[in-house]
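Worksheet for the structure shown next.
The values are calculated or read from the model by the stated rules, or taken from the named source; none is laboratory data. Here the structure is a predicted model, which is why all the values come from computation and not from measurement. Cβ atoms come from the backbone with ideal geometry, glycine included; neighbour counts cover every protein chain shown. Areas reflect the complete protein model, heavy atoms only, side chains present, ligands, DNA and RNA absent. Shrake-Rupley method; radii C 1.70, N 1.55, O 1.52, S 1.80 Å.
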Amino acid sequence: MSCACIVLSLISVLRGVCPQKTFIVAMDGSGNFTTISQAISAAPRYSSIITYIKIRAGIYHEHVFIPEEKINLYLVGDGIDKTIISGNRSKNMGFPTYDTATVRISASGFVAKEVTFENTAGVNMNQSVAVTTEGLYSAFYRCRFLGYQDTLYVRLGIQFFRECDIYGTIDFIFGDARALFQNCNVYARRPRQGQSNTITAQGRESGKKMSGIVMQNCTIASAPELLPRLNVKTYLGRPWKNYSTTVIMRSLLDKLIDPSGWLEWEGQGHGVDKVYYAEYDNRGPGANTSSRVKWARTIKYREANKFTARNFIQGQKWIGLTGIPYYLDL
């Protein structure tokens, strides 16, 4: 199926003109399937209808792949604390970072609600992804992402996260998508001895491409295990690639944030002259920008407005029709 046809299918679904298909996944056998992967396999390919996969409470120990032909697929859990998809692959086990993901989403038009995605490999196992998302137009509502290093890989596409909880240590929100986080809670965990926490690692390589990580009205704080007396430095992010772009705006930054704010990437071979790391109208004890690194910037309203749902991810065209609450502007 051509890219143009996929986009047309997505548009028709977003306009609400298509019927729906529903599968139920239940571990006790009371649904249509006992595993999520079985339900995804049964979902139609390149479908112009929404396929709802309702996942009943339980911990599903499986590695889930949603291929690009399974467009317009919704995963709906019984609650963020009740429906859990759990895996444990890691770089230390011999997997490339890309393949450590508990759930990998390559399809467009994907939505998840009320689900926890976790990678339980642990703090000593290096890169261990909970979710990789790389399709066009993906949205997550009231979901939880649990891991340590590289928890959430927003690899490609256009992504929206609303009222989600993301936990991790090193570069735990990373990738080269256009990813907007609204009203989310971002929690730094206790890293390995001698390590610092970096919340983001954005991967924009070209000045011509439009991508970035944007947090709007989020809370960035310590997980309960990260006690103040541990003296762990935590940074808003570090530039993975030459044109790395990250914006934190109108968010609450707790005291865990190091006064310098941002960290250079050691040994990467590129400088920071082309990166765009910006803050706008944040609050809290970690929001003081007077001691920030020289290559970060504090921006004003007009500049920040470029990174809203309206202007950064064209949210007026698609988010509202997923049934997820959102706001378009600052």
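Residues of the stretch 266-288 that are surrounded by 15 or more Cβ atoms within 10 Å (Cβ to Cβ) and either part of a loop (DSSP other than H, G, I, E, B) or modelled with pLDDT under 95 (or both): HIS270, VAL272, LYS274, VAL275, ASP281, ASN282, GLY284, GLY286, ALA287.
Among residues of the stretch 167-183 that are acidic (Asp, Glu), those with a beta-carbon under 6 Å from a residue that is not in a strand (DSSP E or B) at least six positions away or on a different chain give the pairs ASP171/ASP150; ASP176/GLY203; ASP176/ARG204; ASP176/SER211. Please work out if THR198 is touching a Cys at 6+ places or on another chain (Cβ under 8 Å) and among the hydroxyl-bearing types (Ser, Thr, Tyr). Here the answer is no, as THR198 does not meet what is asked. Got at least one residue in the stretch 296-305 being assigned to a loop (DSSP other than H, G, I, E, B), over 13 Å from THR245 (Cβ atoms) and either at pLDDT 95 or above or open to solvent by less than 30 Å² (accessible area, probe 1.4 Å) (or both)? Yes - at least one qualifying residue is present in the stretch 296-305. Here the strands (runs of 3 or more DSSP E) wholly within the stretch 173-254 that include at least 1 residues being within 15 Å of VAL275 (Cβ to Cβ) and in contact with a Phe, Trp or Tyr (Cβ under 6 Å, 6 or more places away or on another chain) are 197-202, 212-216, 234-237, 245-249.
For the stretch 55-77, the tally of residues that are open to solvent by 40 Å² or more (accessible area, probe 1.4 Å) and touching a strand residue (DSSP E or B) at 6+ places or on another chain (Cβ under 7 Å) stands at 6. Within the stretch 100-117, being more than 12 Å from HIS63 (Cβ to Cβ) and without any contact (Cβ under 8 Å) to a residue 60 or more places away in the chain holds for ILE105, SER106, ALA107, PHE110, ALA112, GLU114, THR116. Counting only residues that are among the polar types (S, T, N, Q), buried (at least 22 other Cβ atoms within 10 Å of the Cβ) and under 23 Å from ILE324 (Cβ atoms), the stretch 172-201 holds 2 of them. Quick check on the stretch 251-261. Is at least one of its residues in contact (Cβ under 8 Å) with a residue 12 or more places away in the chain, more than 22 Å from GLN195 (Cα to Cα) and of a type outside the set (A, V, I, L, M)? Yes, because at least one residue in the stretch 251-261 is in contact (Cβ under 8 Å) with a residue 12 or more places away in the chain, more than 22 Å from GLN195 (Cα to Cα) and of a type outside the set (A, V, I, L, M). For the stretch 306-328, a tally of residues being in a loop (DSSP other than H, G, I, E, B) and open to solvent by 60 Å² or more (accessible area, probe 1.4 Å) returns 2. Considering only residues in the stretch 93-130 that are β-branched (Val, Ile, Thr) and more than 14 Å from the chain's Cα centre (by Cα), the one that is farthest from ILE36 (Cα to Cα) turns out to be VAL123. A single entry from LYS241, LYS209 fulfils the requirement of being surrounded by fewer than 17 Cβ atoms within 10 Å (Cβ to Cβ) and of a type in the set (Lys, Arg): LYS209.
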